[in-house]
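Trainee: The structure is given below, and queries will be raised subsequently.
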Amino acid sequence: MRRRVLVGAALLAALGAFSTAAAAEIEPPKVTISPVDWTAAAAALKDVGGGGAVDAFARLNAVTGKRFPGIAKSSVPVLAPFDLEAFKADNADATPDKYFGPFHPTKYFLPGPAGYTGTYVLDIGGGPFKVSYKKKPVEIEITGAGFTYDLDPPDHQEVFAPKDKSLETLFPGIRRILREAHVRYAFERFGVPYIVSIQCYDTRISSKYLSCREADPIAEAFLKKLAIVGGAPQKIAEPHLDLTRPTAPSDFTYYAPGDLIPNTGWKKMPGRADYHVYALMRFPIAEAPAYVKSQSFMPWGDCYRSGHTGRLGRKDAPYTCKVNGIPLTFNESAAVNFSYPWRDNFCELRDFIVGQCPGGYGHQGQDIRPANCVMDNEGSDRCEPYQHTIAAVRDGLIWRLPGNLAAYLVLNNANEFVRFRYLHMNPKFMDADGLVTGREVKEGEIIGKVATWGDYESGTSYHLHFNMQVVTKSGWVWVNPYMSLVLAYEKLIGGRGTELHEGDPVPAVAAKPPVILHPPIVAAPAAPETKSAAQDAGAVKPEAKAEAAEPKKPLVKRMREKVRKFIRRHRHRKPRTETDE
């Protein structure tokens, strides 16, 4: 991927904000309410009829509601690639999907007080679009926002005019945006921001990735098919979040947002001091304690391509990451991995484009470890998966195609237009549990277990990677969930945390040995020997005494020793980093 992100005034502003906001309190996000012009939207319908916008859209919703469930909940006019006139002419209530052309609707359609969002898939095995990447269908997302989030700088993205100039006539002011591995087409209509988005990579055409130049014709064809299919005039109120924190004291400590482990940001830049709580939520690990911790620059981490000194792969071997020289040990169960204080890793060194990080690249979310490490045996250097459970952070809708590595939980209510992403659960288990697009979940519902799934089992360390996105006028954008997690955790434990700053005393790391599933077998002490009359008479043969002195080991013990030898030879598999779906 070509790195064309510019670092300039926005970076300097972000670094200044980090130094001045160190003692800030949590705050709600800033939003802009969309001034929806329902009269203009109704006038754009072919059969307005009498009664004004309310009646016109009520009639429209009655026609389209069977194909777009709950469409009347949308606070903005819903646009979709739907041949509405042909559908009404045929009265084809039973088989409406043929009216979407090549764009097949999914079960992900979520209308509500904040607007609506939905996805369509394009089978790229054939059809009018020439695409080299054919591993899975292309998913096209469209969002119409009743309110958008106004993010503080930096805000890295690349903006262009669309390649197809006819789109300017259809959607005056439309912009083509490359941001966070998506091509987006953003425009306003009836006072509402709309964004059409496709995941792609700004690189040459390849069979491994969908390139943005291949995604462009798909997005352009999608835009040209858009029609008004529903929605309902309603008041969009200013969102409100209750950010009241517990007052009881606790032993929970955390470093300030943006305060990364020294020199672990992209090009050794710091993070951003983002104190916004973007959504109220339950903590995603089902039980406390839990720990927001780096997976790359703490014990057993691989220093993420920044180089290291010392040996990786031998249990308890000392090593350091070259970026900062902090002493580490090759043992995932190290107590410091499972203890306070927390530390922000949103802008930690990764190759992912993150517009909200000073350098334009970062980690996208936060890595969270559960209460403790469970190891198979004393010779292990890593934690066993599936020992702790993961909970839904809110009531919401799941968005995930079968087989995908990530599961999104989406909120659309009067106060939040947000989605959360869970990563590193086993996709086979998620498929088997029905954690796929269209499933509704309740806050606190167990939706999986903490695992080690990168692109395969044991492909990463034992943790949950947790992200958050909000809707902006550029579409869905990664924001730092750190302070949202802090507030959620305080509510889970019923106590207020203490924020640490440079120079503050750091709590000592208490001993926290791992749980061993298969401890070594310790033989019971032998009973005292008593000489028999035959022994006194010298009846025991010398070879018999030798056999008694070196008894054959039990079969179970012999097998366990073989297993330990195998583990010692194969125990280290290089951790994989987070990937998108």
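The values are calculated or read from the model by the stated rules, or taken from the named source; none is laboratory data. From a predicted model like this one, the values you see are computed outputs, not experimental measurements. Note: ideal-geometry Cβ built from the backbone for every residue, glycine included; neighbour counts use all protein chains shown.
Trainee: Only one residue in 345, 337 is at pLDDT 95 or above, assigned to a helix (DSSP H, G or I) and not charged (D, E, K, R). Which one?
Mentor: So the residue among 345, 337 that is at pLDDT 95 or above, assigned to a helix (DSSP H, G or I) and not charged (D, E, K, R) is 337.
Trainee: Within the group 282, 272, which residue is assigned to a loop (DSSP other than H, G, I, E, B), over 30 Å from residue 380 (Cα atoms), in contact with a Pro (Cβ under 8 Å, 6 or more places away or on another chain) and in contact (Cβ under 8 Å) with a residue 24 or more places away in the chain?
Mentor: Residue meeting the stated conditions: 272.
Trainee: Only residues in region 142-170 that are under 23 Å from residue 276 (Cα atoms) count as the first member; pair them with residues that are assigned to a loop (DSSP other than H, G, I, E, B) and at pLDDT below 95, Cβ under 7 angstrom, at least 6 apart or cross-chain, and list the lot.
Mentor: 156/5
Trainee: I'm checking my understanding of the structure. Among residues of region 412-441 that are in contact with an Asp or Glu (Cβ under 8 Å, 6 or more places away or on another chain) and assigned to a strand (DSSP E or B), which one is surrounded by the most Cβ atoms within 10 Å (Cβ to Cβ)?
Mentor: In this case the residue turns out to be 423.
Trainee: Could you list, in sequence order, all residues of region 384-393 that are outside any strand (DSSP E or B) and within 15 Å of the chain's Cα centre (by Cα)?
Mentor: Within region 384-393, 392, 393 meet the criteria.
Trainee: For region 57-85: of the residues being touching a helix residue (DSSP H, G or I) at 6+ places or on another chain (Cβ under 6 Å) and more than 18 Å from residue 41 (Cβ to Cβ), which is modelled with the lowest pLDDT?
Mentor: Only one residue fits best here, namely 67.
Trainee: Quick one: is residue 372 assigned to a loop (DSSP other than H, G, I, E, B) and free of Cβ contacts under 8 Å to residues at least 60 places away in the same chain?
Mentor: Criteria not met by residue 372.
Trainee: Right, here's the next one. With the requirement that a residue be surrounded by fewer than 18 Cβ atoms within 10 Å (Cβ to Cβ) and in contact with a strand residue (DSSP E or B) (Cβ under 7 Å, 6 or more places away or on another chain), what does region 230-274 give you?
Mentor: 238, 245, 246, 247, 248, 249, 250, 253
Trainee: Among the residues of region 41-50, is there at least one that is outside the structural domain of residue 438 (by TED's automatic domain parsing), among the aliphatic types (A, V, I, L, M) and within 36 Å of the chain's Cα centre (by Cα)?
Mentor: yes
Trainee: If the requirement is being among the aliphatic types (A, V, I, L, M), in contact (Cβ under 8 Å) with a residue 40 or more places away in the chain and farther than 25 Å from residue 416 by Cα, which of these qualifies: 516, 521?
Mentor: 516
Trainee: Name the pairs whose Cβ atoms lie under 6 Å apart, with the first residue in region 95-115 and surrounded by fewer than 17 Cβ atoms within 10 Å (Cβ to Cβ), the second small (Gly, Ala, Ser) and not in a strand (DSSP E or B), and 6 or more positions between them or separate chains?
Mentor: From residues that are surrounded by fewer than 17 Cβ atoms within 10 Å (Cβ to Cβ), the pairs are 107/438.
Trainee: Kindly list the number of the only condition in (1) assigned to a loop (DSSP other than H, G, I, E, B); (2) crowded, with 24+ Cβ neighbours inside 10 Å; (3) within 18 Å of the chain's Cα centre (by Cα) that fails for residue 355.
Mentor: With respect to (1) assigned to a loop (DSSP other than H, G, I, E, B); (2) crowded, with 24+ Cβ neighbours inside 10 Å; (3) within 18 Å of the chain's Cα centre (by Cα), residue 355 is out only on (2).
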